[in-house]
Structure formats: structure tokens, C-alpha cells
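Reading through the C-alpha cells given below for one structure.
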Amino acid sequence: MTFARFPALSRRRLLTGLGAAAFSFGGPPGLLRAFAGTAARPTGTVTALAFDQGKLLLAAAGIWISADGGVNFLPRSEGPGAAVAALATHPDLPGVLYLATTANGLMRSLDAGLSWHPAGTGLPSSPMDAVAIAAQDPQTVYVAVRGDGLWQSKDGAKSWDFAMDRPLVDKVEVDVQALASVGSLSGMGGYWVYAGTAKGVSRVPDCFCRWSSLESSGAMEVSTGAAKSAPIDPALRLPHLSVASLAVAPSVPEVQFASLPSGVWKTEDTGATWRLVNKVLASPILAVDPLEPNHVVAADAGGAILSSRDGGATWAAPSAA
């Protein structure tokens, strides 16, 4: 087993490690109280966001946690190094987190991010760029492997099977940069996996038969045997640009958010039409609170955070309200 080489120890990293140990092993009450009361701002590049039972998790030079939507953060753990690409959680699995990394494979935490363990046995030894938990089945996990394709586990990451090649866009395979599972029963009667790439968003039903691109005709075909939808107004189409992040709440599958260089885009019809709802942050990382689907958080690489409490209609700096 190969572990990441952690950066040089600093005072901040030492305090982070002591705090994590206190949480993990029930350390001295005084140490736990002192650590729990010391809020800080994450440092380093923000690379992933996720909600776990209403708490916001953020990856940036370690794993951070906020109980007030991003107003205050506490360091949670060092995590598996700095090469974090994505975090995935599920409302039916409190405290269970999956973390895709570009250097250490797939990792999993069973204690809300305090400790991490390898979960990618059977996966290729290549960078993992995205991870998602199936909306309808929290034991099913999807991972995007760079230069390879989409892999699937149906037993909570105990074993893995190759599921699908990378999306084909303009006759060229493109890597998956973001993943989302959407439990929308439509068309072929299955569930869907959405993939953000450098060329927009594609999706595939969980039978993994064929990728469809949102940009190919303006609206996706519902099934291979269905008639094509009417053309979509170009102003309502998602731009044919790089997608940095996708976010959806399992309870509201028709509403999804996508992060592009122009800002945050939203669909309310499972991807047929889109509109720009936040043009302040470029290519931010996104997260939707499954327990409160109108609560959306966007964070850019530099750590600027904006929050919406009305499903993307208005945005402001996070508040505890």
C-alpha cells in the first residue's frame, strides 16, 4: 500500500493533526474543547465541496468542516494529501465520504472525514477525477478514471467493474471532470449519470448503453426509440465549454447546477434548458445540501464563497441564517 507524502509539518498542520486525533480517539476533553472552539479559514486551493447531514465539507490543503454553511470552518483532517479532485456523500449514509484524488486513488471515510482509507482496490492506478454515489442506491459508487472511463461498484467500493468509455464529443473521447447521479425515471426507465467534461455535459442511463451530449441538438433524446425533442432556444442551451462541477439533490432530480467559466448555470428540467444564475465566480466548485435543496454553495479556487438559500435566485456571502 502506498501512502501520500504529507507536506512539511507546520504549526497549523500540527494543530490540525492534534485536533483530528482528539476527535478520532477521544483525546483529553480540554484539548477537544480548545480545538473545537478555534475557527479558521481554509488555506490553499479549494478543490471539492460536499454536504454531510447539513454540514459543509471543503477540501483545501486538508479537509475542513463548517456547521453554518461556510461562515466558520474547523480543520477536520489532513486528508490523503493535497491532490483532492472531488468529494461525494449521500443523505442515507451519514458520515460516509468518498474522495477522488489525482495521486492516491479513491479514498473513503466512515467518520465524516476524520480518517481516510483506500477504497479503490481493483481500479486502475491512474488519477481519479470525479466520484459520485448513485442517487437511488447508496451502495453504488461511480468513479471517473482519467484516460480510461467510468467505473462502477455496486457493493460500497468492495469491488469494481468497468462501466463505460469516456464520453465521445465531436468524435473524440474526453475525460470526465465532474459526476452527478440523477434519479429521474424517464425515457428508458432508468437512472442517469451526468458527466461534466471540457466540452460541456453528457449523460448516460445506468444501463451504460450510450452517452448523449446536451449540446448536440439543444435537448437530449429521452431514449433511443423516442422522437427527438423540438430545438431549444440557443439562449437556454448550456455553452459548449468546460464544466468544473455538477451538483444535484437526490430529492429534486430535475434541478441541477453546473459550473462553467461564465459562472453557475441551473436547469429545472433535467438538463433540457439552462440559465445563468451566478456570474460572479468563474468555474466554482458546487454543492447542494440534500436536506435543504434550495441551499447551494459555490467556492472558487481562491476560497471565495457565495451561498444561495433560494435555489440560485440570489447569492451572497454565507450567513448562519
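Summary of computed values
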read-out: Cβ-Cβ under 7 Å pairs, at least 6 apart or on other chains, the stretch 54-65 side more than 13 Å from ALA83 (Cβ to Cβ) and surrounded by fewer than 24 Cβ atoms within 10 Å (Cβ to Cβ), far side modelled with pLDDT of 95 or more and basic (Lys, Arg); value: ILE65/LYS55
read-out: Test: PRO239 is within 16 Å of the chain's Cα centre (by Cα), in contact (Cβ under 8 Å) with a residue 12 or more places away in the chain and part of a loop (DSSP other than H, G, I, E, B); value: no
read-out: Residue match in the stretch 162-183 (condition: closer than 23 Å to PRO290 by Cβ and either in contact with a helix residue (DSSP H, G or I) (Cβ under 7 Å, 6 or more places away or on another chain) or hydroxyl-bearing (Ser, Thr, Tyr) (or both)); value: yes
read-out: THR121, sole failed condition from (1) β-branched (Val, Ile, Thr); (2) buried (at least 17 other Cβ atoms within 10 Å of the Cβ); (3) out of contact with any His (no Cβ under 7 Å at 6 or more places or on another chain); value: (2)
read-out: Yes/no for LEU179 being assigned to a strand (DSSP E or B) and under 19 Å from the mean Cα position of the chain (by Cα); value: yes
read-out: When residues of the stretch 295-315 are limited to those that are surrounded by fewer than 18 Cβ atoms within 10 Å (Cβ to Cβ) and of a type in the set (A, V, I, L, M, F, W, C), the one farthest from the chain's Cα centre (by Cα); value: ALA313
read-out: Test: residue in the stretch 115-123 that is part of a loop (DSSP other than H, G, I, E, B), at pLDDT 95 or above and within 27 Å of VAL264 (Cβ to Cβ); value: no
read-out: From the options GLY113, GLY105, GLY69, GLY44, residue that is small (Gly, Ala, Ser) and in contact with a His (Cβ under 8 Å, 6 or more places away or on another chain); value: GLY69
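The values are calculated or read from the model by the stated rules, or taken from the named source; none is laboratory data. Computed from a predicted model, the values in this text were never measured in an experiment. Because the Cβ atoms are built from the backbone with ideal geometry, glycine has one as well, and the counts that use them run over all protein chains shown.
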